[in-house]
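For reference, the structure is listed below as C-alpha cells.
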Amino acid sequence: MNKTNLHILFACSELTPWVKTGGLADVCGSLPQALKQAGIDVRIILPGYKSVLDKVPPPEFVSLLKLPLGTVTICRSKIDDIDVLLVNHDAFTNRAGNPYMSDTDRPWPDNAFRFALFSQAVCEIAKPSGNSDWQADIVHCNDWQTGLVPALLSQHANAPATVFTIHNLAYQGNITIAEYNRLHLPEELLIQDGLEFWGQASFIKGGIAYADRINTVSPTYAEEITSKEFGCGMEGLLLHRRRILSGILNGIDLQTWDPQTDPHIATNYSANRLELKNENKLDLQKQLNLTADPDTVLFGVISRLAVQKGIDLIINAIEQLHDQNFQLALLGSGDSALQEQLKVLSDAFPERIATIFGFDEKLSHKIEAGADVFLMPSRYEPCGLNQMYSHRYGTLPLVNRVGGLADTVVDYTGDATSNTKDANGFVIDSADAELLSRGMLKAIACFDDKSTWLQLQQNAMMADYSWAESASHYIRMYEDIAA
Ligand code: ADP
C-alpha cells in the first residue's frame, strides 16, 4: 500500500489550538496537518470536552455508539480541512477546565472511566464495518489516554494495525485491579504480558505491549527508556520490544513560531536583523518591571512547574548566583510549593527576577523573543519544544543532556577547540544545580563576546525543525506496517 491510499485514525486527548496542557497538544495539532500535506488521508479523534465545544461551531452529528461503558455521540468538526471526530459524553461535555485535572490540581477521580470510554469509542470507529464510508488502516495512538486502544483492538480479527507514540512515559494511567474490574474491562488483557503492572493495571502498558509499532518523540529518549533510570518500570518490556521501538524527533509549527511574523511580539526580526531582537528584550523588561538594560543577560523559562523540568535546580542555581548580574523571566504553572519558592526569589529581587504564574500563550512568545538564554535543565525530556522555539528566535538554550534536548542542542565549548561554527546553545551533563549555575556563568561570559554570540544565534536560527521532515519518518513507519 502506498501513502496515497493510507487511512490513519489519529487518536489524542489534546489538540492545539483547541485544548492544550503541554507539548502533546502541539504535536497533535501539527503532525496530522503535515501528514495530510504529504498525501495521507488522516482523521483525528478527540474527546468532546466542554472547552472545545464552547470554541468550535456546532459540530455535525455523525452517529450514536452504544459502548460497554456507556453511550456516546460522535460529531464531526474540522481543523483546516482535516475532519476531527469528537466523542461526546457527559464526562467530557459537562466539565469545564483542564482535561485531566480539577482546579485544585488533582486528577479527576473518574479519569480511568473517561479515557477507557474514549478508547472504546476509538476502537468502535476503527473496527471494519460494512456501512462506513471510511476505514482506518492504522490507528495512531498517543500517550496513556489512548493506551487501551491497541490492547482492545488486539481482541478483534481484522482490526487495523496500531502505532503507539510515547510523549511522556512517566504519565502511565495506572489504576488498581479493583478499579479495572469495576470498569468491566476484559479480564484476558490483565496478564503479565498485557496490562498488568506491578499489581496494578496500566493504560500506557496497553500501548507498549500490544501496538504494532512504538515510537517516542526523539531518538535519544527512545534509547533512554530502555534503561532503569528513565524506563519508569517499563524498561524490561521496552527492551523486549526494542525491534519495533524507534525515535522520531518532533517538528514545530513554523508559522506560529516565527519571529519574522509573530503578532504577539513587539518587533519582528530575522537572522539578518538580529539587532531588532533587543526591542523585544526591552519590551519584556518593561512589561515585567525588570530594569530596562540591554547589556544584562536575561534568562527565560516557560514551563510546567514540575520536578521533571528541573525548576528546583533553577531556584537553587539562582540562589548560588544571586550576586551576579543577570535577570530571569519565568512563566509557569503547576506545583504550588515550587511557585511559593519562586515567589520568595522574585520578592527578594523584583528588579531582576520576574515570575508569572498561569498559562499565557502571548507572554510565552514575548519571552522567547525577549530572552537571551532559555533555561531548560530537565531531568528527562522526551523531546521538548521550547529549546526548538528558542533556536528559531535566536535565544540560546541552556539544557541538560537528555532526550530531545541532547538531540537538538550543540554545546558551545568555549575552549581552544572552539566549535563556534556548530554550537547553538549550552549543555550541562547532568541535572545538577552546581552544573547549572556554572552553565549560566558560561552563558553570561559568552554574551559579552558579541561576535561569538551572534554566530551562535545565527547557527541556532538555521536549524530545520519542519514537520515535513518528522512526518516523512512517520509515513515510512506506516508504510512499513502496511506492507
Ligand atoms: P511538556 O509537554 O513536557 O510540558 P514541552 O516542551 O514538550 O513540555 O511543551 C510545552 C509546551 O507548553 C510549549 O509549547 C510551551 O511553550 C507551553 N507552555 C508550558 N507552560 C506554559 C505556560 N505557563 N504558558 C504558556 N505556554 C506554556
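Nothing in this text is a laboratory measurement; each read-out follows from the coordinates by a stated rule. None of these values were measured; they are calculated from a predicted model. Counting neighbours? That spans all protein chains shown, and the Cβs are built from the backbone with ideal geometry, glycine included.
Points worth noting:
- The range 8-114 shape via C-alpha gyration tensor axes, a/c threshold 1.5: oblate
- Loop sites in the range 56-154: chymotrypsin sites (Phe, Trp or Tyr not before Pro), DSSP, at most 10 other Cβ within 10 Å: 134
- Reducing the range 405-457 and the range 272-345 to their Cα centroids gives an inter-centroid distance of 18 Å.
- Dividing the summed helix terms, -39500 (n - 2.57) for each DSSP H run of n ≥ 4, by the number of residues in the chain produces a 222 nm estimate of -10500 deg cm²/dmol to the nearest 500.
- A Förster distance of 22 Å, applied to the separation of the beta-carbon atoms of residue 156 and residue 187, puts the FRET efficiency at 0.85.
- Cβ charges +1 (Lys, Arg) and -1 (Asp, Glu), total dipole of the chain, debye: 800
- Overall form of the range 348-474 per C-alpha gyration tensor (a/c, 1.5; a/b vs b/c): rounded
- Helix 467-482 vs. the chain, principal-axis angle (Cα, 0 to 90°, nearest 10): 30
- Ranked 176, 21, criterion: other C-beta atoms within 10 Å, fewest first: 176, 21
- Arranged from fewest to most other beta-carbon atoms within 10 Å of their beta carbon, 65, 375, 284 become 65, 284, 375.
- Among beta bridges identified by DSSP and lying wholly in the chain, the antiparallel ones come to about 30 percent.
- Rounded, prolate or oblate (a/c below 1.5 giving rounded, otherwise prolate when a/b exceeds b/c) for the range 271-461 by Cα gyration tensor: rounded
- Taking the chain as a whole, the Cys residues whose C-beta sits 4.7 Å or farther from every other Cys C-beta are 75, 123, 141, 232, 383, 446.
- Listed peptides 202-215, 221-234 by packing density, highest first (mean Cβ within 10 Å): 202-215, 221-234
- Residues 246, 30, sorted so that the one with the fewest Cβ neighbours within 10 Å comes first: 246, 30
- Spatial separation of Cα centroids for the range 212-251 and the range 95-120, in angstrom: 26
- Between the alpha-carbon centres of the range 169-185 and the range 19-64 there is a gap of 26 Å.
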